[in-house]
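**Q** Dropping the structure in here first, questions after.
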Amino acid sequence: MLGKAELSSEFKRSGLKAGDVVMLHSSLSSLGWVQGGAETVIEALLEVIGEDGTLLMPALTAGSKEAPFEGKQTPSYLGKITEAFRTLPGIKRSFHPTHSVLALGKAADYLLADHIDAKSACGPGTPYYRLAEIGGYVLLLGVDLDRCTILHTAEDLADCPFLKERIFYYRNQEGVICEKVLQKFPGPHRDFIGLDQRFRRSGIIKLGLVGDAVTRLIEAKALLADTTKLLRENPAAILCNNPSCQDCLQQKGRIRASTLLKERFTLAAIISDFSPHSDATFEILSHYGVDTIELSDYLTTKILINGELYLQGLSKKIEEKKLEVSGIGIATDLKSLVDKKLTPQAERLRDIANNLKAKFLRLRIRQSWLSENDEILEAIRTLARELEKVGVRLLIANDPQGPFAETEEVRALFLQLKAEKSENISFAFDPVGFVEAGKSPFRNTFNKVSKVIRNLYLTDSRFKDGTLTPLRKGNGEIKELVSALRCRSYSGYFTVGSLTDYDPFSLEERLRDFWDMFSSL
Ligand SMILES: [Zn+2]
C-alpha cells in the first residue's frame, strides 16, 4: 500500500522538483494500491512541485453535437486522476470543445488563457504549446507515449498533410450550442510508441518508477523540437507499418497526394477492371495518393460490350471517389474505327470518353489492314478531328505489333503531323513496347520523340525474353525517362500499370514500385 510520503519521495527520485511546470498523463491502476486513491497521488505531486510549480492534466472531451463541451462540469474521459483533479477546489480549466486542460499553480492562468481562440487543438496559442515554450515537463505515469498529447503539437507545427479540418461543439455562457472549426485535427491511429527508443537514447525521456508505475519524465521543449524536425523530414515517421491498419494506409495516401501536388506531372493508374460492388481498387488508389485513372484496353472494351448501365455505374463511382479520368485506351486495327469516316464503334468510344470527362483516347494501332501510310495518316486525322469536337485528345501509343513499333516510325508520324499543324494528337510512350522492338527507350528513343509525349507508361521489361519486371529491373530505363521529363517541367501523365494483356504484377505492387523509384529521385 502506497502512502503520500512514499509517493512524494518516489516522484522526486523520478526527477520532479520544486517549481516545475508539469503536465501529467496517468493511469491510477498502474501504481498498485494507493491509500486514499487519486487524491493522494495529486497531493503528493503538488507537494513535490510546491507553491511555485504548476500541475496540468489534459481533460479530453468528445465535443460532439450531442455532448457539447460545457466548461468545468463536463467530465473528461481520461481516467480517475484527471476526474479527481477536475473536481478539486481552485482548479482552472481551459475552455475548449475537445482538448481542454486542467491546471493548478502559478502558471495556470498564462497556460490556459484563450485556448478556444487557437486555430487548432494543440498548436500555437494552446496550453500544450505554451507548456513547451516556458520549459515545462510532461510526466507519463504508468502510460506510454501513445498518451502524450504534445506529440500532436509537433504534427501541427510540422504541418503534416494527413491532419484534417473538423468541426466540434461547445455550449456558450448563454446556453447556446456553438460550432468551433479546428484546423489540423489529429487523426485516428499513430505509432507514438515507436518513438520511445529515440527519445530514451537522446535523453529527452528519463525513465523512473513510482509504485509499480513506470514513469517517463520528458522535457517538453526538446520533445517538441525533435519531433517537429523528424516530421518535417518524414511525416510518415509516426504512422505504423501494419499493412492491415486502414488508418495509417489512408494517412500515408494523404502524404503521397501532397507530394504529388508539388509536381507538374499527374500520376495516373491503369484500371483494368471494375465491379460496381467493390471498392477495393479505389481504396488502393487512395493509399498511394492517386486521384487519376486511365481505363485499360480491356475495361474500355468491357464498357463497349456491357453498355450504358455499366458505364453509368463506373461514372458514378468515379464521381463518388473524386477521381479524374486521364483517358480511355483501346487496342485495335485502325480500319475498324475509321473507314473513310467514323464507324459506330469510334463514335461510341468518343461518347464514352466524353461521358467520363476523359482528357484523351489512347490508341494502340495493331497490324493495320491499312497498308498505305497515307491511309493510316488519313484515318488518324479523321479520328482526331472528331475527338477534338468534344475536347478529347488522341494519343497514339507505340506498339510492337503495329505500324508504330520503331522509334523512327513514331518520329516520322509526328514530324508529318507537325508539318500539318495537327495539334490534337500526341504520343503515349510505352517503354516496354520499345524494348520488345529491340530499342532502348531512353538512349535510342527519348530525344527523338520527347516533345510530343503526353503520357509515359511506367513499366519495364527485359530485352532477353520480353518478361515484364518491376521498375529498374529491366531494360526500360524508366528512371532516366522520368527524370528527364521532370527536368523539362513535363505536365503530362506518368501512368502506372501495363498496356500488355497480361501483367503479372498487381495494381498495388505497381504503385508501391513507383513510390520506391520516385523516392530515389
Ligand atoms: Zn496505424
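The values are calculated or read from the model by the stated rules, or taken from the named source; none is laboratory data. As the structure is a computational prediction, the values presented were derived from the model and not from experiment. A quick note on method: Cβ atoms are made from the backbone with ideal geometry, for glycine too, and the neighbour counts reach across all protein chains shown.
**Q** Suppose the filter is of a type in the set (Asp, Glu), out of contact with any His (no Cβ under 9 Å at 6 or more places or on another chain) and not in a helix (DSSP H, G or I); does residue 165 pass it?
**A** Values: of a type in the set (Asp, Glu): yes; out of contact with any His (no Cβ under 9 Å at 6 or more places or on another chain): yes; not in a helix (DSSP H, G or I): yes.
Here the answer is yes, as residue 165 does meet what is asked.
**Q** From 424, 398, which residue is surrounded by fewer than 21 Cβ atoms within 10 Å (Cβ to Cβ) and either more than 24 Å from residue 508 (Cβ to Cβ) or in contact with a Cys (Cβ under 6 Å, 6 or more places away or on another chain) (or both)? Write out each step before concluding.
**A** Details: 398 fails: surrounded by fewer than 21 Cβ atoms within 10 Å (Cβ to Cβ).
Every option except 424 fails the conditions.
**Q** Given 244, 258, which one is small (Gly, Ala, Ser), within 21 Å of the chain's Cα centre (by Cα) and in a helix (DSSP H, G or I)? Can you show your working first?
**A** Working: 244 fails: in a helix (DSSP H, G or I).
Only one candidate passes the filter, namely 258.
**Q** Counting just the residues of region 63-90 that are at positive phi and touching a residue at least 24 places away in the same chain (Cβ under 8 Å), which one comes out surrounded by the fewest Cβ atoms within 10 Å (Cβ to Cβ)? Step through it out loud before you land on a result.
**A** Within region 63-90, the subset at positive phi is 63, 71, 79, 90.
In the following step, the residues that additionally are touching a residue at least 24 places away in the same chain (Cβ under 8 Å) were identified as 63, 71, 79.
Numbers: 63: 22, 71: 14, 79: 18.
Here the answer is 71.
**Q** In addition: Just one of the numbered conditions (1) more than 26 Å from the chain's Cα centre (by Cα); (2) farther than 28 Å from residue 273 by Cα is not true of residue 519; which one?
**A** The failed condition is (1).
**Q** Counting residues that are in contact with a Lys or Arg (Cβ under 8 Å, 6 or more places away or on another chain), which strands (runs of 3 or more DSSP E) fully inside region 276-385 reach at least 2? Break it down into steps so the answer makes sense when it comes.
**A** Details: elements: 292-295, 324-332, 360-365.
Answer list for region 276-385: 324-332, 360-365.
**Q** Report yes if residue 214 is more than 16 Å from the ligand (Cβ to nearest atom) and over 24 Å from the mean Cα position of the chain (by Cα), otherwise no.
**A** Working: more than 16 Å from the ligand (Cβ to nearest atom): yes; over 24 Å from the mean Cα position of the chain (by Cα): yes.
Here the answer is yes, as residue 214 does meet what is asked.
**Q** Return yes when residue 194 is over 18 Å from residue 99 (Cβ atoms) and either assigned to a strand (DSSP E or B) or within 16 Å of the ligand (Cβ to nearest atom) (or both) and no when it is not.
**A** Details: over 18 Å from residue 99 (Cβ atoms): yes; either assigned to a strand (DSSP E or B) or within 16 Å of the ligand (Cβ to nearest atom) (or both): yes.
For residue 194, the condition - over 18 Å from residue 99 (Cβ atoms) and either assigned to a strand (DSSP E or B) or within 16 Å of the ligand (Cβ to nearest atom) (or both) - is met.
**Q** So which residues in region 230-262 are of a type outside the set (A, V, I, L, M), touching a residue at least 12 places away in the same chain (Cβ under 8 Å) and either surrounded by 17 or more Cβ atoms within 10 Å (Cβ to Cβ) or away from the ligand (no atom under 16 Å from the Cβ) (or both), if there are any at all?
**A** Listed by number, the residues that qualify are 232, 235, 240, 248, 250, 251, 252, 253, 254, 256, 258, 259.
**Q** Basic (Lys, Arg), away from the ligand (no atom under 16 Å from the Cβ) and either without any contact (Cβ under 8 Å) to a residue 12 or more places away in the chain or not assigned by TED's automatic domain parsing to the domain that holds residue 54 (or both): does that describe residue 201?
**A** On the way: basic (Lys, Arg): yes; away from the ligand (no atom under 16 Å from the Cβ): yes; either without any contact (Cβ under 8 Å) to a residue 12 or more places away in the chain or not assigned by TED's automatic domain parsing to the domain that holds residue 54 (or both): yes.
Taking the combined requirement at face value, the residue satisfies it.
**Q** Residue 225: within 16 Å of the ligand (Cβ to nearest atom), over 23 Å from residue 322 (Cα atoms) and assigned to a helix (DSSP H, G or I), yes or no?
**A** On the way: within 16 Å of the ligand (Cβ to nearest atom): no; over 23 Å from residue 322 (Cα atoms): yes; assigned to a helix (DSSP H, G or I): yes.
No: the conditions fail for residue 225.
**Q** Looking at (1) within 21 Å of residue 28 (Cβ to Cβ); (2) among the basic types (Lys, Arg); (3) without any contact (Cβ under 8 Å) to a residue 24 or more places away in the chain, find the lone condition where residue 93 falls short.
**A** (3)
**Q** Within the set of pairs 6+ apart or on separate chains, which have a first residue in region 168-192 that is charged (D, E, K, R), a second that is away from the ligand (no atom under 16 Å from the Cβ), and C-beta atoms under 6 Å apart?
**A** Close Cβ pairs satisfying both conditions: 171/68; 171/70; 171/177; 179/167; 180/97; 180/168; 184/120; 184/156.
**Q** If you go through region 280-291 one residue at a time, do you hit one that is of a type in the set (A, V, I, L, M), away from the ligand (no atom under 16 Å from the Cβ) and within 30 Å of residue 32 (Cβ to Cβ)?
**A** Pass one, region 280-291, residues of a type in the set (A, V, I, L, M): 280, 284-285, 290.
After this cut, where a residue has to be away from the ligand (no atom under 16 Å from the Cβ) as well, the list is 280, 284-285, 290.
Retained after the next criterion (residues that are within 30 Å of residue 32 (Cβ to Cβ)): none.
Within region 280-291 (the criterion being of a type in the set (A, V, I, L, M), away from the ligand (no atom under 16 Å from the Cβ) and within 30 Å of residue 32 (Cβ to Cβ)), the answer is no, since none of the residues qualifies.
**Q** Taking the stated definitions as given, is residue 180 away from the ligand (no atom under 16 Å from the Cβ), assigned to a strand (DSSP E or B), touching a helix residue (DSSP H, G or I) at 6+ places or on another chain (Cβ under 6 Å) and within 18 Å of residue 100 (Cα to Cα)?
**A** Working: away from the ligand (no atom under 16 Å from the Cβ): yes; assigned to a strand (DSSP E or B): yes; touching a helix residue (DSSP H, G or I) at 6+ places or on another chain (Cβ under 6 Å): no; within 18 Å of residue 100 (Cα to Cα): yes.
Taking the combined requirement at face value, the residue does not satisfy it.
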